[in-house]
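Peer 1: Take a look at the following structure, please.
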Protein chains: 2
Amino acid sequence: MDKELSNIFNDTGHRLTQPRMAVFNFIKSSDLPLSIADIVRLNPAMDKVSIYRTISLFKKLHIVVAVNNGWKQLYELASPFNPHHHHLVCTKCGKLTEIHSKKLESMVEELTSENDFHPVSHHFEINGLCSNCLTLVPDLPSQP
Amino acid sequence: MDKELSNIFNDTGHRLTQPRMAVFNFIKSSDLPLSIADIVRLNPAMDKVSIYRTISLFKKLHIVVAVNNGWKQLYELASPFNPHHHHLVCTKCGKLTEIHSKKLESMVEELTSENDFHPVSHHFEINGLCSNCLTLVPDLPSQP
DNA sequence: GTCCGTGCAAAGCGTTTGCAGCTTA
DNA sequence: TAAGCTGCAAACGCTTTGCACGGAC
């Protein structure tokens, strides 16, 4: 797994430095997607600028992918390190639930071939209330 | 249609002012979703701050919805003014193609009920190459 | 030893806030 | 007329850029 990481760096002519490793491990160890602000805040030893540059490189090398949770961008490990999936986002407590749906993935194929379009990536996200928050709310707006 | 707009304002205790009307009509007349920067740039008579405040109000009143085209947020009219849909986004030329898929909408129902989640809104977007750009590109990355 | 990468400082932008004057209902 | 809205100025915070030093290969 980390072998795979160093390969990516070697193959693309980049150096696997300590700060880059640290950011990778930090994201890997989190069970939630993280914002850049999170990573900066929780890694005070590392310069903010280096974190920006690292994330930007990781995006380019497809080591991480951006998950947008409505208002901001969060990052999590990408495909070789973390299988492709989507999220249910609770707008009240912020809880993220992973969705793994083959049917959704095949729908991407369907929709793109219908439109003569070559898909490279896709994003899908459902916002609403998780089961826990649902019980705490008196009236339920719904407009999916 | 504009009747409906003034109703929304009346019912929620807001005033339908000239600048708000102008922003509404501007978005309505566009056949593409617009960024705030677009709206600011193309409406030099209106103050930038007022445009921010107007868009923010429109979002709150569900007059517009945000479409994220990968890196930035774009806005287009929401449901009563423009039926719900999603987009194929060409990452080369920026072209947006609307997708109207009942199957996708029912999948939202399915995925949320499976997870005991109450959906409020959802976002879906496919990035890739449109048929036109496809013919111009020698090699084709694909990772849906 | 040579580049690439890092850290620091500072600039750059998009977005938000405060306030006085104007507009709308 | 009274409340809400607009425009201007300025603050704010996230992100990017420039540059010299330090570390990886």
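The values are calculated or read from the model by the stated rules, or taken from the named source; none is laboratory data. Remember, it's a predicted structure, so these values are computed and weren't measured experimentally. We place every Cβ from the backbone using ideal geometry, glycine too, and count neighbours over all the protein chains shown.
Peer 1: Under 7 Å by Cβ, and 6 or more places apart or on different chains, what pairs join a residue from the stretch B:26-46 that is modelled with pLDDT of 90 or more with one that is of a type in the set (Ser, Thr, Tyr) and assigned to a helix (DSSP H, G or I)?
Peer 2: B:ILE36/B:TYR52
Peer 1: In the stretch B:70-82, which residue that is out of contact with any Asp or Glu (no Cβ under 7 Å at 6 or more places or on another chain) and in a loop (DSSP other than H, G, I, E, B) is farthest from the other protein chains (Cβ to nearest Cβ)?
Peer 2: B:PHE81
Peer 1: Then there is this: Please verify whether the stretch B:19-41 includes one or more residues that are over 24 Å from A:ASN127 (Cα atoms), away from DNA strand C (no atom under 12 Å from the Cβ), away from chain A (no Cβ under 14 Å) and acidic (Asp, Glu).
Peer 2: Looking for residues that are over 24 Å from A:ASN127 (Cα atoms), away from DNA strand C (no atom under 12 Å from the Cβ), away from chain A (no Cβ under 14 Å) and acidic (Asp, Glu), one finds at least one in the stretch B:19-41, hence yes.
Peer 1: Also, I was wondering about something else. Quick one: would you say B:LYS103 is surrounded by fewer than 13 Cβ atoms within 10 Å (Cβ to Cβ), modelled with pLDDT under 90 and touching a helix residue (DSSP H, G or I) at 6+ places or on another chain (Cβ under 9 Å)?
Peer 2: no
Peer 1: Kindly indicate which of A:LYS95, A:LYS48, A:LYS103, A:LYS59 is within 14 Å of DNA strand D (Cβ to nearest atom), within 11 Å of another protein chain (Cβ to nearest Cβ) and of a type in the set (D, E, K, R).
Peer 2: None of the other options fit; the residue is A:LYS59.
Peer 1: Residues in the stretch B:20-35 that are surrounded by 16 or more Cβ atoms within 10 Å (Cβ to Cβ) and within 12 Å of DNA strand D (Cβ to nearest atom): how many?
Peer 2: Looking only at that region, the number is 4.
Peer 1: Here are A:ASP38, A:ASP11: which of them is of a type in the set (D, E, K, R), within 16 Å of DNA strand D (Cβ to nearest atom) and either in the same structural domain as A:LEU129 (by TED's automatic domain parsing) or within 30 Å of A:LEU129 (Cβ to Cβ) (or both)?
Peer 2: Numbers: A:ASP11 fails: either in the same structural domain as A:LEU129 (by TED's automatic domain parsing) or within 30 Å of A:LEU129 (Cβ to Cβ) (or both).
Being of a type in the set (D, E, K, R), within 16 Å of DNA strand D (Cβ to nearest atom) and either in the same structural domain as A:LEU129 (by TED's automatic domain parsing) or within 30 Å of A:LEU129 (Cβ to Cβ) (or both) holds for just one of A:ASP38, A:ASP11, which is A:ASP38.
Peer 1: Consider B:HIS84 carefully, then state whether it is at pLDDT 90 or above and surrounded by 15 or more Cβ atoms within 10 Å (Cβ to Cβ). Show your work before the answer.
Peer 2: Numbers: at pLDDT 90 or above: yes; surrounded by 15 or more Cβ atoms within 10 Å (Cβ to Cβ): no.
For B:HIS84, the condition - at pLDDT 90 or above and surrounded by 15 or more Cβ atoms within 10 Å (Cβ to Cβ) - is not met.
Peer 1: Tell me the residue from B:SER131, B:SER121, B:SER50, B:SER56 that is farther than 18 Å from A:SER113 by Cβ, of a type outside the set (Phe, Trp, Tyr) and in contact with a strand residue (DSSP E or B) (Cβ under 9 Å, 6 or more places away or on another chain), please.
Peer 2: Answer to the selection: B:SER121.
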